[in-house]
Amino acid sequence: MPIDIDIAKVARLARLGLSAEELAAYGSQLEGILEHAARVQALPTEGVEPTAHPLPMVNAHRSDEVEPTLDRDEVLAQAPDHVDGFFRVPAFLEDE
Amino acid sequence: MSDPADLTIAEAATALRSDDLTAVELLAAVRRRATMTEANIHAYLTIDAEGAEASARAADDAFASGDDRGPLQGIPIALKDNMVTRGLETTASSQILAGWHPPYDATVVTRLRDAGAVIVGKTNLDEFAMGSSTENSAYGTSRNPWDPERVPGGSSGGSAAAVAVGSALAALGSDTGGSVRQPASLCGVVGMKPTYGLVSRYGLIAFASSLDQIGPITRTVADALAVLQGISGHDPEDATSYRGELPDFGSQIDRGVEGLKIGVVSELSAEGTEPAVGAEFRTMLERLEGAGAEIKELSLPSTAYALSAYYLIAPAECSANLARFDGVRFGLRLDGETVEEMMGATRAAGFGPEVIRRILLGTYALSAGYYDAFYGQAQKVRTLVIDDFKQAYEQADVLVTPTSPTTAFKVGERTDDPLAMYLSDLCTIPSNLSGDPGISVPTGVDDAGLPIGFQVLAPALAEPLMFRVAKAVEDLAGFDARPALASSEGAA
């Protein structure tokens, strides 16, 4: 069963600014890999619960106590652009 | 004494506690070995000369004042560069983290430092741990010390190569689909993946959160045990960290295999296995039988689908985990008119092709309309794999397979065919899906002198049993070959 992928849409969801050529190349590679991965559909799984996590664990809580975390200056020193303790980014909205 | 870079942890621990050797001398020997081999194997991305020297001196001071923290004190250890080290560049072998200096240490790093270990530096890997050869590194591939035309395996190729050659006495790697065990096998050293949750993932740059585990790469089984004991245990910083009581991992190590039932998984011992690997595997089975074990053929039908399930689950989880690399707070940033453009340009430029492939695959498998058929179905297959393992462990104490279907392949041989590359992990992936532990032990070499590894798998938390069988395999194999590059005289 050939798999048809809207690769431009997937790239947009993943915030990957790929060129048209790159999209075409990745699209066909993905179709090949997905055909192999889609073999999982051949196994009967009615009544089988999905496993998200290998260890049976619930509620990994810890007490709500304030403790020192990261040093703010050390963190900001790694930022591409920061001002007044904020990370600065380009505009979210284009000007109309 | 022979070159200290060729000591095991156990031997070095003895020498450090006598007048034979200081931690500073041991580090110097390891650094000399690195200087002689790096041009050939490129195991390291960063060597922390100053930090390592300071740690070695501190270890010697500690010994002198009677402060003995255990077997890892003074031992030079390398870390795969996907484990964050405060103030020391950490890249995950990606351009998107070039020049990044983390503001915190991974928990395993803190534990190693507290144990007095000497961290030599950061080793090369496939970018974001995605790969089976280290060829996906953005900083050049590492090479196999047994034949530098060949890959060291991956994704922890740098760590395995360093240990094989003696430019570290041990290394940490991470294993999501086999990335500690497979390179260990290809480099002729021991590599182990613990039960999921035994070792904290805090500070391990996440690839697939339900599969990733940090594990030791060492020259011997006993050394792997020592490192595991030093880094394992509950961590409140990792919500997936195991909270129950831990067994004494080494409690059975010298008991041998008499009376044990050893299961051979038929689905994992056939497809694509090289003749030499198959022959070596069967020879060890005969030796184990001779040592008193019962060998049983078992069928785990769902493991034939494990690879497919993995290549939906791991990319899906990675697509979520790698969303944080967006140019906002740290790492690479390319300009854009809008934040969406900035992120798109940054990520397209910063990630290599395999990473982009997996992010796209994972995003697709999770997207509306496709979730149930792909990711949802893969999670159900995961349950079937776990059930198959549970049934198998009712009939056998441990399961064994060749670690990798082949020995080390040539650089460039599989880079055009992602699916061929993925097949390297056929025997290791099922235990990542199940969360069970596994270890690779080198047993011999093929006619080209390339190492072959034997894998022992055990139920969750059955590390004592796993180490027991692994030690027996190691003793029966008597494998003590070293690559020619592991020499004091210079490159071969």
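Taken together, the criteria place B:Phe281 among residues that are open to solvent by 10 Å² or more (accessible area, probe 1.4 Å), touching a Pro at 6+ places or on another chain (Cβ under 6 Å) and among the aromatic types (Phe, Trp, Tyr). Condition check: open to solvent by less than 60 Å² (accessible area, probe 1.4 Å), farther than 25 Å from B:Glu127 by Cβ and acidic (Asp, Glu). Does B:Asp68 satisfy that? No; evaluated as a whole, the condition is false for this residue.
Per-residue answers, yes or no, for (1) farther than 23 Å from B:Gly51 by Cβ; (2) among the hydrophobic types (A, V, I, L, M, F, W, C); (3) in contact with a helix residue (DSSP H, G or I) (Cβ under 7 Å, 6 or more places away or on another chain):
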| position | (1), (2), (3) |
| --- | --- |
| B:Gly116 | no, no, yes |
| B:Ile119 | no, yes, yes |
| B:Phe128 | yes, yes, yes |
| B:Ser132 | yes, no, yes |
| B:Ser137 | no, no, yes |
| B:Pro145 | yes, no, yes |
| B:Pro148 | yes, no, yes |
| B:Val151 | yes, yes, yes |
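Residues of the stretch B:1-31 that are without any contact (Cβ under 8 Å) to a residue 40 or more places away in the chain and charged (D, E, K, R): B:Glu11, B:Asp19, B:Asp20, B:Glu25.
Checking the stated criteria, B:Ala306 turns out not to satisfy the condition of being open to solvent by less than 50 Å² (accessible area, probe 1.4 Å) and more than 28 Å from the chain's Cα centre (by Cα). Across the stretch B:189-239, the qualifying residues are those that are of a type in the set (Gly, Ala, Ser), under 18 Å from B:Met130 (Cα atoms) and in a loop (DSSP other than H, G, I, E, B), and the one among them that is most open to solvent (accessible area, probe 1.4 Å) is B:Ser209. Of all positions in the stretch B:61-73, none carries a residue that is within 30 Å of A:Ala77 (Cβ to Cβ), assigned to a helix (DSSP H, G or I) and more than 14 Å from chain A (Cβ to nearest Cβ).
Residue by residue, here is whether (1) exposed (fewer than 14 other Cβ atoms within 10 Å of the Cβ); (2) over 21 Å from the mean Cα position of the chain (by Cα); (3) facing another protein chain (nearest Cβ under 7 Å) holds:
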{"residue": "A:His36", "(1), (2), (3)": "no, yes, yes"}
{"residue": "A:Glu46", "(1), (2), (3)": "yes, yes, no"}
{"residue": "A:Ala52", "(1), (2), (3)": "yes, no, yes"}
{"residue": "A:Leu55", "(1), (2), (3)": "no, yes, yes"}
{"residue": "A:His61", "(1), (2), (3)": "yes, yes, no"}
{"residue": "A:Val66", "(1), (2), (3)": "yes, yes, no"}
{"residue": "A:Thr69", "(1), (2), (3)": "yes, yes, no"}
{"residue": "A:Val83", "(1), (2), (3)": "yes, yes, no"}
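The listed residues are B:Leu457, B:Leu485, and the only one of them that is more than 30 Å from B:Leu198 (Cα to Cα), touching a residue at least 40 places away in the same chain (Cβ under 8 Å), crowded, with 24+ Cβ neighbours inside 10 Å and not polar (S, T, N, Q) turns out to be B:Leu485. Give the residue that is surrounded by the fewest Cβ atoms within 10 Å (Cβ to Cβ), with candidates limited to residues of the stretch B:163-182 that are in a helix (DSSP H, G or I) and out of contact with any Gly (no Cβ under 7 Å at 6 or more places or on another chain). Within the stretch B:163-182, the match that is surrounded by the fewest Cβ atoms within 10 Å (Cβ to Cβ) is B:Val165. All conditions but one from (1) open to solvent by 50 Å² or more (accessible area, probe 1.4 Å); (2) basic (Lys, Arg); (3) out of contact with any strand residue (DSSP E or B) (no Cβ under 9 Å at 6 or more places or on another chain) apply to B:Arg329; the one that does not is (3). Applying a threshold of 9 Å to beta carbon distances and a minimum spacing of six or more residues, or different chains, the list of pairs starting in the stretch B:324-350 at a residue that is in contact (Cβ under 8 Å) with a residue 12 or more places away in the chain and ending at one that is in a helix (DSSP H, G or I) and of a type in the set (Phe, Trp, Tyr) reads B:Phe325/B:Phe128.
The residues on offer are A:Ala8, A:Ala52, A:Ala38, A:Ala25, and the sole one that is closer than 24 Å to B:Thr303 by Cα and assigned to a helix (DSSP H, G or I) is A:Ala38.
Yes or no: the stretch B:365-385 includes at least one residue that is within 14 Å of another protein chain (Cβ to nearest Cβ) and touching a His at 6+ places or on another chain (Cβ under 9 Å). No, because not a single residue in the stretch B:365-385 is within 14 Å of another protein chain (Cβ to nearest Cβ) and touching a His at 6+ places or on another chain (Cβ under 9 Å). In the set B:Leu433, B:Leu485, B:Leu450, only one residue is of a type in the set (A, V, I, L, M, F, W, C) and either over 20 Å from B:Gly178 (Cβ atoms) or at pLDDT below 95 (or both); that residue is B:Leu485. Condition check for B:Asn40 on (1) in contact with a helix residue (DSSP H, G or I) (Cβ under 9 Å, 6 or more places away or on another chain); (2) of a type outside the set (Lys, Arg); (3) open to solvent by less than 40 Å² (accessible area, probe 1.4 Å): one failure, at (3). Tell me which residues, restricted to the stretch A:60-84, are outside any strand (DSSP E or B) and under 19 Å from B:Val339 (Cβ atoms). Within the stretch A:60-84, A:Leu76, A:Gln78, A:Ala79, A:Pro80, A:Asp81, A:Asp84 meet the criteria.
If the condition is being more than 20 Å from B:Phe374 (Cβ to Cβ) and more than 8 Å from every other protein chain (Cβ to nearest Cβ), then the stretch A:1-18 contributes no residue at all. Those helices (runs of 4 or more DSSP H) of the stretch B:252-351 in which 3 or more residues are of a type in the set (S, T, N, Q) and within 30 Å of B:Tyr139 (Cα to Cα) occupy B:306-321. Only residues that are at the interface with chain B (Cβ under 7 Å from one of its Cβ atoms) and free of Cβ contacts under 8 Å to residues at least 12 places away in the same chain were counted across the stretch A:19-31, and they come to 1.
The values are calculated or read from the model by the stated rules, or taken from the named source; none is laboratory data. Values in this document were obtained by computation on a predicted structure and should not be read as measured data. Cβ atoms come from the backbone with ideal geometry, glycine included; neighbour counts cover every protein chain shown. When the accessible area is computed, the model is the full protein with side chains, heavy atoms only, and any ligands, DNA or RNA have been set aside. Shrake-Rupley method; radii C 1.70, N 1.55, O 1.52, S 1.80 Å.
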